[in-house]
1. Report the gain in length on full extension from residue 55 to residue 73: 0.36 nm times residue separation, minus Cα-Cα distance, nm rounded to one decimal.
2. Could you name the lysines in cross-link range of residue 66, using Cα to Cα under 22 Å and dropping any fewer than eight places away on the same chain?
3. FRET efficiency for residue 38 and residue 4, Cβ-Cβ distance as r, R0 = 30 Å, nearest 0.05?
4. Go through 33-39, 72-78 and give me the packing order, highest mean Cβ count within 10 Å leading.
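What follows draws every value from the coordinates through simple rules; no lab data is involved. Small disclaimer: the values here were computed from a predicted structure and weren't measured. Note: ideal-geometry Cβ built from the backbone for every residue, glycine included; neighbour counts use all protein chains shown.
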Amino acid sequence: MGWKIEKQANGKFAIYSTRINDYIVIDAEPLHIAQLYAEKGVKVYLASARAQIAKETAVSPDGEKKIEASRRRGSTPKEGPDVPIGVTGFTVGEIDES
């Protein structure tokens, strides 16, 4: 599971979660992205965020559709403990119960 930072058509940034196959943050400025990564508490995350922002990888047309759907919904999807992890299909809750 991981996050990818991509530049939206409107010039702002979005964070794509490979875990839920959707954008968990949209319409963000670089400072907001950096703050989110800094909250993770590891300098490596912040360095990764800065590198990804500098690359300015564009959101795909399908990604822009997902972002627009989140705008209409009024919120982005969340990465909760009940979201399946990758191809395993396990959830964090199931792993914690083991």
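1. Values: separation 18, 0.36 × 18 = 6.48 nm, distance 2.90 nm.
Length difference between fully extended and current span is 3.6 nm.
2. 4, 7, 12, 55, 78
3. On the way: r = 18 Å, r/R0 = 0.59.
Efficiency, rounded to the nearest 0.05: 0.95.
4. Ranked by mean Cβ neighbours within 10 Å, highest first: 33-39, 72-78.
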